[in-house]
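Okay, so here's the structure we're looking at.
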Amino acid sequence: MTDAISQQALHQLYSDHHGWLQQWLRRKLGCREQAADLAQDTFIRLITQRKQLELRQPRAYLTTVARSLVVDHYRRRTLEQAYLETLAALPEPLEISPQTRCIILQTLMEIDALLDGMAARTREIFLMAQLDGLSFVEIGKRLSLSANSVRKHFVRAMTHCLVLLDD
């Protein structure tokens, strides 16, 4: 597909469905500005994915992409809220620069994405080892698993992290 056809297809897709998508997002989010931002992000994702834009069911595809962005939006908002609550609970007020805050939130979102790709048991074992500092034997006792099974889950989790970090 040439660039001219691609641009024409994108323009047609945008013209035909942008208003509908924005209304759909507005009903989901209850906020016109947020809906407008996510509608634009949906089309940006289409452009960056470089997918063929001649879709048989464009609204179904746009809805799928937009729904993913809504989930990301809520996940980001939940992480930010948890971060702000943690800061508020600190004994001394902590002054953090906007750049540092942005870096921390971005890092939390990346960690969340890494963990989200793991099976529940694997994620639980990984977190118990990394955050609680438990040995494979201790984790095995708590979860009624053999230390060997715990080790296999942990290796699976580390492999998952390394593969994503290489990408």
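For the structure I just gave you, tell me whether Leu46 is at pLDDT 90 or above and surrounded by 15 or more Cβ atoms within 10 Å (Cβ to Cβ).
Values: at pLDDT 90 or above: no; surrounded by 15 or more Cβ atoms within 10 Å (Cβ to Cβ): yes.
Judged against the criteria, Leu46 is not a match.
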For residues that are among the polar types (S, T, N, Q) and open to solvent by less than 100 Å² (accessible area, probe 1.4 Å), scanning just the stretch 91-102, find the one that is farthest from Phe154 (Cα to Cα).
-> Ser97
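Does any residue of the stretch 150-157 turn out to be of a type in the set (Val, Ile, Thr), open to solvent by less than 80 Å² (accessible area, probe 1.4 Å) and part of a helix (DSSP H, G or I)?
First, pick out the residues of the stretch 150-157 that are of a type in the set (Val, Ile, Thr): 150, 155.
If we keep only those that are open to solvent by less than 80 Å² (accessible area, probe 1.4 Å) as well, we get 150, 155.
Now narrow it down to the ones that are part of a helix (DSSP H, G or I): 150, 155.
Checking the stretch 150-157: at least one residue is of a type in the set (Val, Ile, Thr), open to solvent by less than 80 Å² (accessible area, probe 1.4 Å) and part of a helix (DSSP H, G or I).
Residue under question is Asp72, and the condition is that it be closer than 29 Å to Gln23 by Cα, free of Cβ contacts under 8 Å to residues at least 24 places away in the same chain and of a type in the set (D, E, K, R); does it hold? Even if it seems obvious, please write down each step before you answer.
Working: closer than 29 Å to Gln23 by Cα: yes; free of Cβ contacts under 8 Å to residues at least 24 places away in the same chain: yes; of a type in the set (D, E, K, R): yes.
For Asp72, the condition - closer than 29 Å to Gln23 by Cα, free of Cβ contacts under 8 Å to residues at least 24 places away in the same chain and of a type in the set (D, E, K, R) - is met.
Test Ile111 against the stated conditions and say whether it is touching a Phe, Trp or Tyr at 6+ places or on another chain (Cβ under 9 Å) and either closer than 30 Å to Leu162 by Cβ or outside any helix (DSSP H, G or I) (or both).
Values: touching a Phe, Trp or Tyr at 6+ places or on another chain (Cβ under 9 Å): no; either closer than 30 Å to Leu162 by Cβ or outside any helix (DSSP H, G or I) (or both): yes.
Judged against the criteria, Ile111 is not a match.
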Mind checking whether some residue in the stretch 103-110 is crowded, with 17+ Cβ neighbours inside 10 Å and of a type in the set (A, V, I, L, M, F, W, C)?
-> no
Quick count over the stretch 124-149, residues being in a helix (DSSP H, G or I), open to solvent by 60 Å² or more (accessible area, probe 1.4 Å) and modelled with pLDDT of 90 or more, is 7
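For Arg67, are the conditions met, namely being open to solvent by 100 Å² or more (accessible area, probe 1.4 Å), under 27 Å from Leu115 (Cα atoms) and modelled with pLDDT of 80 or more? Give the derivation first.
Working: open to solvent by 100 Å² or more (accessible area, probe 1.4 Å): yes; under 27 Å from Leu115 (Cα atoms): yes; modelled with pLDDT of 80 or more: yes.
The answer is yes for Arg67.
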Looking only at residues in the stretch 75-87 that are open to solvent by 80 Å² or more (accessible area, probe 1.4 Å) and without any contact (Cβ under 8 Å) to a residue 12 or more places away in the chain, which one is nearest to Asp41 (Cα to Cα)?
-> Arg77
State which residue pairs qualify: first residue touching a residue at least 60 places away in the same chain (Cβ under 8 Å) and inside the stretch 127-154, second residue open to solvent by less than 40 Å² (accessible area, probe 1.4 Å) and part of a loop (DSSP other than H, G, I, E, B) in any location, beta carbons under 9 Å apart, and separation of 6 or more residues or different chains.
-> none
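The values are calculated or read from the model by the stated rules, or taken from the named source; none is laboratory data. Computed from a prediction, not measured in an experiment: that's the story for all the values here. With ideal geometry, Cβ positions are generated from the backbone for all residues, glycine too; neighbour counts draw on all protein chains shown. Note: areas computed on protein heavy atoms with side chains; ligands, DNA, RNA excluded. Shrake-Rupley method; radii C 1.70, N 1.55, O 1.52, S 1.80 Å.
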